[in-house]
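Data block below; observations after.
The values are calculated or read from the model by the stated rules, or taken from the named source; none is laboratory data. The model shown is predicted, which means the values in this text are computed figures rather than measured ones. When we count neighbours, we look across all protein chains shown, and the Cβ atoms used for this are built from the backbone with ideal geometry, even at glycine. Remember, those area values only see protein heavy atoms, side chains included, never the ligands or the DNA or RNA. Shrake-Rupley method; radii C 1.70, N 1.55, O 1.52, S 1.80 Å.
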Amino acid sequence: MWEGSFIVDLWERIFRALSKISWFYLVKRFYLRGKVTHDFVDKWVLANTVLSILGILVLYLIPSRWVVYSFIVYGSIRIFEVIVYQVNVLLFDPYRAYRAGKEYSIKSPIRTVILLLHNLLEIIAWYAVVYMGIAILNNGALTHGPAFYFMGSALCMTTFDPSISSEIAPGTALSIIKTVAFFEVETGIIMTVISLARFLGLLPDVSPKS
């Protein structure tokens, strides 16, 4: 199963390098000194989920340019971080463990699925933040309430339908919005069809009552 090849080794190196483009890598490297616990990961995921939702409210209440840029930059890197992490968990972490002669395992399928659902909610919120930020930078103000952007992002992510983008920001920002919506659809495929479906299959069976 884990017989290597040129293409596998190539992409393993690429995603190993990409995993360093993340806030988590900086925290792990300079704050935790490389020692990461499951408890810290749980708190990290929860904190970022809360921050992403707060970002929607902050941009709605304080639509200043520096706030917009700050949240767009942080959220975009966080989205990239989660996608790279999921690809590594699905494909390359087991392969790395095999090459190192170690057994690959996860702490708990239930914990993994819960964290994935947190990641899914967080990414939906971060994309909503990006949509709101683009609308603010283009129009100077938002034309809808925060719930509209969150629900639009959720629909785009879960139905793989980017058509909501045409309603978010008129004018010159439409092409940018459509590009963001395209990336959100691709993110949704990775998070739901590939990653979440993979780990849902690991949940323990429920025995029916006799």
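Annotation: Asn139 fulfils all but one of (1) surrounded by fewer than 19 Cβ atoms within 10 Å (Cβ to Cβ); (2) within 22 Å of Ala47 (Cβ to Cβ); the unmet one is (2). Considering only residues in region 81-126 that are among the hydroxyl-bearing types (Ser, Thr, Tyr) and farther than 16 Å from Ile194 by Cα, the one that is modelled with the highest pLDDT turns out to be Tyr95. Filtering region 96-111 for residues that are in a helix (DSSP H, G or I) and buried (at least 17 other Cβ atoms within 10 Å of the Cβ) leaves an empty set.
The residues listed here are Tyr60, Tyr127, Tyr69; of these, the one that is touching a Leu at 6+ places or on another chain (Cβ under 7 Å), more than 19 Å from Ser19 (Cα to Cα), open to solvent by 10 Å² or more (accessible area, probe 1.4 Å) and in a helix (DSSP H, G or I) is Tyr60.
Among the residues of region 45-57, the ones that are open to solvent by 40 Å² or more (accessible area, probe 1.4 Å) and within 20 Å of Val27 (Cβ to Cβ) come to 5 in all.
Annotation note: of Asp9, Asp42, the sole residue that is at pLDDT below 95, surrounded by 11 or more Cβ atoms within 10 Å (Cβ to Cβ), farther than 29 Å from Met132 by Cβ and out of contact with any Cys (no Cβ under 7 Å at 6 or more places or on another chain) is Asp9. Tell me yes or no: at least one residue of region 189-200 is modelled with pLDDT of 80 or more, over 24 Å from Val89 (Cβ atoms) and of a type in the set (A, V, I, L, M, F, W, C). Among the residues of region 189-200, not one is modelled with pLDDT of 80 or more, over 24 Å from Val89 (Cβ atoms) and of a type in the set (A, V, I, L, M, F, W, C), which makes the answer no. Under 14 Å from the mean Cα position of the chain (by Cα) and modelled with pLDDT under 90, is that true of Val129? Here the answer is no, as Val129 does not meet what is asked.
With the condition kept exactly as written, say whether any residue in region 144-161 is assigned to a loop (DSSP other than H, G, I, E, B), among the hydroxyl-bearing types (Ser, Thr, Tyr), loosely packed, with under 15 Cβ neighbours inside 10 Å and modelled with pLDDT under 85. Looking through region 144-161, none of the residues is assigned to a loop (DSSP other than H, G, I, E, B), among the hydroxyl-bearing types (Ser, Thr, Tyr), loosely packed, with under 15 Cβ neighbours inside 10 Å and modelled with pLDDT under 85.
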